[in-house]
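The values are calculated or read from the model by the stated rules, or taken from the named source; none is laboratory data. Small disclaimer: the values here were computed from a predicted structure and weren't measured. Positions of Cβ are backbone-derived with ideal geometry, glycine not excepted, and every protein chain shown enters the neighbour counts. Protein only, heavy atoms only, side chains kept; ligands, DNA and RNA dropped before computing areas. Shrake-Rupley method; radii C 1.70, N 1.55, O 1.52, S 1.80 Å.
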Amino acid sequence: MRVVDVLVQQRTSRVEQPLTYVVSDGMSLGIGDLVRVPLAARELYGFVVRGPYEAEPSSALRFIVAKAAKERAFDESGLALALWTAERYCCTLAEALGPIVYAAAIPRVVDRFVPSGVLEPVRFPSLPPRLLRLIGEDLRDGFALDALLRHPEARRSGDRRTLLRALGTLTRSGALERRREFVGARIGAATEKILEATGAAVRGPRVEALVELVKSEGSLRRRDALLAGFSQSIVARALRAGALREIPRPVRARRGRASSEASAFEPTSEQAGAIDAIARRVDAEQFAELLVQGITGSGKTFIYIRAIAHVLARGGRAIVLVPEISLTPQTARRFESAFAERVAVLHSGLSERERFDTWQAAARGEIDVVVGARSALFAPLPNLRLIVIDEAHERTYKQDNVPRYNALDVGRERMRLCGGVLVLGSATPSLEAYAAARAGKIQHLRLHVRASGPGLPETHVVDMAEEFERGNRRIFSTRLVEAIGLRLERREKTILFVNRRGSANFMLCRSCGTVPSCPNCTVSLTVHRAEGLLRCHQCDYQQPIPLQCPKCGAGPIREFGIGTQRVVEVVKTLFPKASVVRMDSDTTTRVGDHARLLDEFGALADVLVGTQMIAKGLDFPTLTLVGIVAADVGLHVPDFRAGERTFDVLMQVAGRSGRAGKGEAIVQTYSPEHPAIRFAAAHDYDGFAAYELEQRRELAYPPFGELIYLGVFGRRCEQALEAARRYADLLRGHGGVEVLGPAPYAIARANSEWRFRIALKTHEGSSLRSYLRDVLMPLARSDKTTRLAVNVDP
């Protein structure tokens, strides 16, 4: 009996392992094929993850119903990568396949609910009347489950759990009929209409001319026939007469030729050494990992372009990851300029059609280079020889939801499977990568000088406590105000970095001490003065800015702290003639906003005020001043990486200054002696790394031990805490692991859920992950009142 193992697309913990099905005679199947299979009384889609192989005949095994798609969803290397991801990050194989499979191209099974009678509120007194009216009137013709859960009126009737419970009640009573429908993919391959001659006779000079043109060309796109002067009616007449036939053909990307950027400039001696080292590793056709550590402005992107050109010349392909492609349009343009239509860009701003076309073109080998954010790592490029991860220290390479993978680790494994080369690039590499390089585990390439000539900007640290003692109550120090004024006189540009959007951190009543807070989360509401709103940055709860204290009714209620809006207001007050651009997540809500604002700053503006999105990827010749308004934000949060992240952002932001001439950076802080600030001001990465690694060694934090966080969430605080304590006790009995907690998260309640965290330190990561997958996670799934989240390498 010829069988295959199928991973059924069923969102339930009861069906997590592949199931075995019989393959009918004549059916050809392989790894990654999508098939339709029976499960209990239903039919579902699933992926072939093993086989075909021979098995003993058994009447208990059921046959595959049909092969559902021509194209494979993934290949053997994609499956191997997913299996590794599932093992490493303690998730199911289906969850690990999520980023590898382009879901919009997969046919779906949709549950559709159709009312079978009048939904009387009297008959269902426990259900929300608003929901009954919605289903019985507006959705009378039926609805899909996802559509109902997204419907604004349904969401006003209750949360997801309430809606699902109501649907169950209505279905069991017979008031709703549940129908299962097999529907096509949300998106299919783009096609174009091709005209071919059949040889049949046709009358009419224009129609005859069209047929002759098609014959002479062999085949002709319909749109080319229209461009040649033939109307739609002429084409229709030829088709009706049978002289032409029209067939759909997949749209193929046309290859372009690279520009001269890859060879126009002569590399510096340091750049040439790095390019040669990467090329030798590529030519060896064995897995290798290199760290390119270069100061800001040292020309790391130029090295990547040269290395990719070397790969392409040998028939290979490459992926380049940047922290967020939508935030670094200048970087994307560099690669597009170098490789023309041979490069494709993948990011969240693309439509599903654009992403699908890029994904398919990559699989067909029609493009050679994919540039994108984290998800571009899984682009199905054949003969992949090189992965470059730029700004490899950035936290955006770690995914927050399942599967909670780190792109650096997954990229390393993908290159290991392909026998390719992984290049990590950064001015401030993560301490884990730096320690591995110093230990000789990966090759370490250093760039100490800027490619354009000027040195690093002169950095000044301003103690804001001393400013306050001298009577300066402004958010800008005297030195920063004078420096901005000087740049305006010289017609040079300034960046002001603020690590918070909004106009203030919070509001406080000076009479009773009340701070307006989010009803769903244990956080204060942030002031957004331009919108007239208080907003929660966790769940986006909003309310108007109060005119008086909502508790005591007295006043005054004042704003405390600073954000981007407040900084813009102060700049305009101090320098009324200055042109100011603000760049944060509130001003970049639409596709293209990032590029538009940067173009506006480059062409017209004097000052750019922004959050972390301006800390990387910016290169303006006349930018000579960077002001870091509040360097302490993020420095004292409860995170063992807080110092490292503060050091990184200070080095990155300061490095935007003086790329083509002498630059200056001014750091305002209340902690001038903190090692992160002191070493950043001195541009001393090695000194900071030595200090921080020693602290990590004493506490057994990475890279001297493995760290896993367990998050326990629940609607009721007591239930969540009890479950967390139970899991912690089990883990303390496991051995080989240090268990810290449970303790509340820094934000103890978010989106109406109470949150507790258990920190696990170990030197036996593989054993601990196996215990979590095989023992703790199945136990957690049996608890319907709480949920467990496992975060490996947080």
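With both labels modelled 7 Å from their Cα along Cα-to-Cβ, the Glu482 to Tyr691 distance reads 2.7 nm. Placing dummy labels 7 Å off each Cα toward the beta-carbon, the span from Leu604 to Thr171 is 5.5 nm.
Using DSSP to call loops (not H, G, I, E or B), can you name the trypsin sites (Lys or Arg not before Pro) in segment 574-673 whose Cβ has at most 16 other Cβ atoms within 10 angstrom?
Lys577, Arg590, Lys662
Between Leu39 and Ser216, what FRET efficiency follows from the Cβ-Cβ distance if R0 is 60 Å, with the result rounded to 0.05? Numbers along the way, then the final one.
Working: r = 55 Å, r/R0 = 0.91.
Calculated transfer efficiency: 0.65.
Taking a 27 Å limit on the Cα-Cα distance, which of the listed pairs Lys300/Lys572; Lys577/Lys662; Lys70/Lys215 fall beyond it? Correct reply: Lys300/Lys572; Lys70/Lys215. Surface composition of segment 405-456: carbon and sulfur make up 50 percent of the accessible area, probe 1.4 Å.
Please list Arg412, Arg474 from largest to smallest accessible area, probe radius 1.4 Å, with all protein chains kept in place. The partial results should precede the final answer.
Details: Arg412 55, Arg474 105 Å².
Ranking Arg412, Arg474 by accessible area, largest first, yields Arg474, Arg412.
Multiplying the residue separation of Arg160 and Ala578 by 0.36 nm and removing their Cα-Cα distance gives an extension gain of 145.6 nm.
Per residue, segment 674-755 exposes 47 Å² of accessible surface when a 1.4 Å probe is rolled over the protein heavy atoms with every protein chain present. Helical content alone sets the calculated 222 nm signal of the chain at -9500 deg cm²/dmol, taking -39,500 (n - 2.57) per DSSP H segment of four or more residues and averaging over every residue.
In a DSSP loop and with at most 14 other Cβ atoms within 10 Å, the trypsin sites (Lys or Arg not before Pro) in segment 50-106 are Arg62, Lys70.
Around Arg161, with a cut-off of 11 angstrom between Cβ atoms, what is the net charge of the other residues, counting Lys and Arg +1 and Asp and Glu -1? Value of the local net charge: +3. The equivalent ellipsoid of segment 682-725 has semi-axes of 37, 12, 7 Å, largest first, where each one is the square root of 5 times an eigenvalue of the Cα gyration tensor. Taking only the C-alpha atoms of segment 720-794, Rg followed by Dmax gives 12.3, 36 Å. Full extension of the chain segment joining Arg470 with Leu149 gains 109.8 nm, where the gain is 0.36 nm per residue of separation less the Cα-Cα distance.
Percent antiparallel among DSSP beta bridges with both residues in the chain, to the nearest 5? Walk me through the intermediate numbers first.
Details: 74 of 126 bridges.
Of the beta bridges lying entirely in the chain, close to 60 percent run antiparallel.
The calculated FRET efficiency for the pair Val402 and Leu61, based on their C-beta separation and a Förster distance of 25 Å, comes to about 0.20. Using all pairs of distinct alpha-carbon atoms, the Kirkwood hydrodynamic radius of segment 196-237 works out to 10.3 angstrom. Surface composition of segment 581-667: carbon plus sulfur atoms contribute 57% of the solvent-accessible area (1.4 Å probe, protein chains only, all chains present).
Around Arg2, what is the net charge, scoring Lys/Arg as +1 and Asp/Glu as -1 over all other residues with Cβ under 13 Å from its Cβ?
-3
Computing Rg and the Kirkwood Rh from the Cα coordinates of segment 558-670 gives a ratio, Rg/Rh, of 0.96.
Here the label points at Lys551 and Ser770, each 7 Å from Cα along the C-beta direction, are separated by 5.4 nm in the simple model.
Filter the GluC sites (Glu not before Pro) in segment 641-688 to those in DSSP coil with at most 11 other Cβ atoms within 10 Å of their Cβ, and list the result. Write down the numbers at each step before the final one.
On the way: sites: Glu644, Glu664, Glu673; in loops: Glu673.
Qualifying residues, ordered by number: Glu673.
If you look at the Cα atoms of the chain, you get an Rg and a Dmax of 30.2, 96 Å. Once the Cβ-Cβ distance of Gln719 and Ser77 is raised to the sixth power relative to R0 = 35 Å, the FRET efficiency obtained is 0.25.
Binning the C-alpha pair distances of segment 612-732 at 5 Å intervals from 0 yields a P(r) profile of 2, 10, 15, 16, 14, 11, 10, 9, 7, 3, 2, 1, 0 %, listed from the shortest bin outward.
Rg/Rh for segment 379-511 to two decimals, with Rh computed the Kirkwood way over all alpha-carbon pairs. Spell out each step's value before the answer.
Values: Rg = 22.3 Å, Rh = 20.1 Å.
Rg/Rh for segment 379-511 comes to 1.11.
Ranking of Phe468, Phe679 by solvent-accessible surface, largest first: Phe468, Phe679 (1.4 Å probe, protein heavy atoms only, all chains present).
A straight chain from Arg596 to Asp111 at 0.36 nm per residue would run longer than the Cα-Cα distance by 170.4 nm. Taken over segment 656-784, the convex hull of the Cα atoms encloses 183 Å³ per residue. For segment 781-794, putting each phi into the Karplus relation 6.51 cos²θ - 1.76 cosθ + 1.60 with θ = phi - 60° gives couplings of 5, 7, 8, 7, 9, 9, 9, 10, 10, 9, 10, 8, 6, x Hz, in residue order, rounded to whole numbers and with x for Gly and Pro.
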